[in-house]
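The values are calculated or read from the model by the stated rules, or taken from the named source; none is laboratory data. Predicted model, so just to flag it, every value in this text is computed and none were measured. Methodologically, a virtual Cβ is constructed for each residue, glycine included, from the backbone with ideal geometry; neighbour enumeration extends over all protein chains shown.
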Amino acid sequence: MSEYTPPCAECGGKCCAYIAIELDKPRSKKDYDYIRWYLTHKNVHVFVDHDRNWFVEFRTPCSFIKQDNKCSIYEKRPNICRGHGDSEGSCEFYSSPYLLYFTSLSEFESYLDKKNVDWRYKKS
Ligand code: SF4
Ligand code: SF4
C-alpha cells in the first residue's frame, strides 16, 4: 500500500494559515457578546466544527511555511501539525473543517436572529 502524500503545493497551505482556540459553547448574552467582540477584529473568525465544538480562529500564516507551502521545521513541527494531512480524511484540501463559519459581526448576528436567540443587551 502506498503512503498518502498530502497535496500541499496545490492546496496553498490551508492548515498552516491560521490558529484556532477552542471556546465553550456560547449560552449567555455575555458569551454571544464576546463572540461579537472577536468578530469586530480583522482576520479573526469564529467557527463550529463537525463535532459541534466552537473555536475562535486567527487567520495568520505560520512563520515557518516555505514558498512551496512545505514546512521548514518539519522534523520538529508541533504535534498538532502532525495530525494534519496524515490521510485524506484529516486534510483540509479535501473537506472543509467548518460546520458553521462566521467572518463578520453581521453574519453572526443574522445567525442568532434566525435561531431566535435573545442576544441583545438593553440600551442603557
Ligand atoms: S490541508 Fe492538507 S494539503 Fe493542505 S497544507 Fe495541510 S496537509 Fe497540506
Ligand atoms: S510548523 Fe510547519 S506544519 Fe506546522 S503550521 Fe507551521 S509550517 Fe505548517
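Odds and ends about this structure:
- Filter pass, LYS25 being over 28 Å from TYR111 (Cα atoms), surrounded by fewer than 15 Cβ atoms within 10 Å (Cβ to Cβ) and basic (Lys, Arg): no
- The set of residues in the range 1-38 being within 20 Å of SER63 (Cα to Cα) and part of a helix (DSSP H, G or I) consists of CYS8, ALA9, GLU10, CYS11, LYS14, CYS15, CYS16.
- If the condition is being out of contact with any strand residue (DSSP E or B) (no Cβ under 6 Å at 6 or more places or on another chain) and part of a loop (DSSP other than H, G, I, E, B), then the range 94-110 contributes TYR94, SER95, SER96, SER104.
- Scanning the range 1-39 for residues that are in contact with a Ser or Thr (Cβ under 9 Å, 6 or more places away or on another chain) and either more than 30 Å from TYR74 (Cα to Cα) or more than 12 Å from ligand 2 (Cβ to nearest atom) (or both) turns up TYR4, LEU39.
- Of all the criteria given as (1) modelled with pLDDT under 95; (2) of a type in the set (A, V, I, L, M, F, W, C); (3) touching a strand residue (DSSP E or B) at 6+ places or on another chain (Cβ under 7 Å), the one not satisfied by CYS91 is (3).
- Boolean, PHE55 is assigned to a strand (DSSP E or B) and over 15 Å from GLY13 (Cβ atoms): yes
- In the range 29-48, residue surrounded by the most Cβ atoms within 10 Å (Cβ to Cβ) [restricted to those that are under 18 Å from TYR18 (Cα atoms) and in contact (Cβ under 8 Å) with a residue 60 or more places away in the chain]: VAL46
- Out of SER72, SER106, SER96, sole residue that is modelled with pLDDT of 90 or more, among the small types (Gly, Ala, Ser) and closer than 30 Å to TYR121 by Cβ: SER106
- Selection count where residues are within 16 Å of ligand 2 (Cβ to nearest atom) and out of contact with any Lys or Arg (no Cβ under 8 Å at 6 or more places or on another chain), scope the range 64-111: 24
- Some residue of the range 111-124 being away from ligand 1 (no atom under 16 Å from the Cβ), assigned to a helix (DSSP H, G or I), polar (S, T, N, Q) and modelled with pLDDT of 90 or more: no
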